[in-house]
Amino acid sequence: MEKVMRNFFLFLSKNRFFTKLAKKYGLRFGAGKFVAGVSVPDAVRTIRILNDQGMAVTIDHLGEFIDSEAEAREAAEGCIAAIEAIAEYHLDSQLSLKLTSMGLDISESLVMENMRKILGAAEKNDVFVTIDMEDYERCGRTLKIFKQLREEYDHIGTVLQSYLYRTVEDIESLDEYSPNLRLVKGAYKESAKVAFPDKKDVDDNLKKIIRIHLMNGHYTAVATHDDEMIEYTKKLVEDEGISKDQFEFQMLYGIRVERQKELVEEGYKMRVYVPYGNDWYGYFMRRLAERPANVAFVLKGVFGR
Ligand code: FDA
């Protein structure tokens, strides 16, 4: 049953009609539990609260799978506005973005143009930018663009997903770029041709890539809500004498909030991924797919009042 629901929400997450509808009508159905609001001031308020609790942030100007050049340019402007707000309000925050929002499905030159504008603003304001990883179909192109941009800019990182068979090879091929990587399990619906169907294999592969990347000496963001992965990382860094400056934990806004605070109290660097903006639909559907309990929460929000 859980698998059916997961597939159903992942299927819905890519529906362009609902995406457009959601943009028009603002945050609904309890999405505010996972999305900080629709505007930059909403996001700034949330970041301030998290920073005051000792947490760093990566802010995500929501947007994905857009199909016009004008929307891609608008999304890039949105990212620049977020970067400027981080600098203006002296926030402890990085920026995360998706290449499909920059025009990946339109043309690579449009993405490069938008990314160079964003990375220029980020460099000027000393803000680090992470390129989120999307579905398998776009993984190769995302890594190619990341490598190209990494040759031009220092303050850029990306994400690898442990559910993909290709990931161990990818992490090795990225080694020469000394990349700052966020390591995750993966959030999209993928076929068994390209991704491990069993959770146990996905978990084992996450441990494997955490070890490879840390032992290669590169900065590692372990982005998970899974205690087993967190405990694995803590033990690994202790056994291998890896400094707390070489890694951080990351979690999503609104998920396992108490655990986030505990990690800060234990002295670990904790970064919260804070999405905001009116393109919240796909992000929200993927969070529902991850955990059926969230669906009950949404139904309560819709029908419970
Ligand atoms: P897992 O799904 O095994 O969950 C472990 C436990 O965590 C659960 O038992 C539950 O207690 C809790 N939990 C997990 N998800 C929850 C939820 N939605 N609500 C409530 N509790 C939940 N993916 C991707 O493909 N590309 C990307 O760029 C990113 N970026 C990213 C950034 C950050 C900061 C995080 C934390 C995650 C991502 N992800 C991502 C998502 C990631 O791939 C994955 O889908 C989720 O993190 C869920 O996997 P976990 O590792 O948390 O473990």
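For the range 269-283, which positions are outside any loop (DSSP other than H, G, I, E, B) and within 14 Å of the ligand (Cβ to nearest atom)?
Within the range 269-283, Met270, Arg271, Val272, Tyr273, Val274, Pro275, Gly282, Tyr283 meet the criteria.
With the structure loaded, tell me whether Gly103 is out of contact with any Cys (no Cβ under 6 Å at 6 or more places or on another chain), without any contact (Cβ under 8 Å) to a residue 24 or more places away in the chain and over 19 Å from Val274 (Cα atoms) or whether it fails that test.
On the way: out of contact with any Cys (no Cβ under 6 Å at 6 or more places or on another chain): yes; without any contact (Cβ under 8 Å) to a residue 24 or more places away in the chain: no; over 19 Å from Val274 (Cα atoms): yes.
The answer is no for Gly103.
Let's see how each residue does on (1) surrounded by 15 or more Cβ atoms within 10 Å (Cβ to Cβ); (2) more than 30 Å from Asp105 (Cα to Cα):
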| site | (1), (2) |
| --- | --- |
| Ala36 | yes, no |
| Gln53 | no, yes |
| Ala56 | yes, yes |
| Ile59 | yes, no |
| Ile80 | yes, no |
| Glu84 | yes, no |
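Taking the stated definitions as given, is Glu228 more than 17 Å from the chain's Cα centre (by Cα), away from the ligand (no atom under 15 Å from the Cβ) and at pLDDT 95 or above?
On the way: more than 17 Å from the chain's Cα centre (by Cα): yes; away from the ligand (no atom under 15 Å from the Cβ): no; at pLDDT 95 or above: yes.
Judged against the criteria, Glu228 is not a match.
Take the residues in the range 251-268 that are surrounded by fewer than 17 Cβ atoms within 10 Å (Cβ to Cβ) and in a loop (DSSP other than H, G, I, E, B), then tell me which one is nearest to the chain's Cα centre (by Cα).
Arg256
What number of residues within the range 81-131 satisfy the criterion of being in contact with a Phe, Trp or Tyr (Cβ under 6 Å, 6 or more places away or on another chain) and modelled with pLDDT under 95?
Going through the range 81-131 one residue at a time, the tally reaches 1.
Which one of these does Arg73 not meet: (1) of a type in the set (Lys, Arg); (2) more than 25 Å from Lys269 (Cβ to Cβ); (3) within 16 Å of the ligand (Cβ to nearest atom)?
(3)
Quickly run through the range 189-206 and pick out the residues that are part of a loop (DSSP other than H, G, I, E, B), closer than 14 Å to Gln161 by Cβ and among the hydrophobic types (A, V, I, L, M, F, W, C).
Val194, Phe196
Would you say Lys200 is at pLDDT 95 or above, among the basic types (Lys, Arg), within 15 Å of the ligand (Cβ to nearest atom) and exposed (fewer than 12 other Cβ atoms within 10 Å of the Cβ)?
Yes: the conditions hold for Lys200.
Return the only residue of Ile131, Ile118, Ile145, Ile156 being away from the ligand (no atom under 13 Å from the Cβ) and under 15 Å from the mean Cα position of the chain (by Cα).
Ile156
The values are calculated or read from the model by the stated rules, or taken from the named source; none is laboratory data. These figures come from a predicted structure and were not determined experimentally. Cβ: placed from backbone, ideal geometry, glycine included. Neighbour counts: every protein chain shown.
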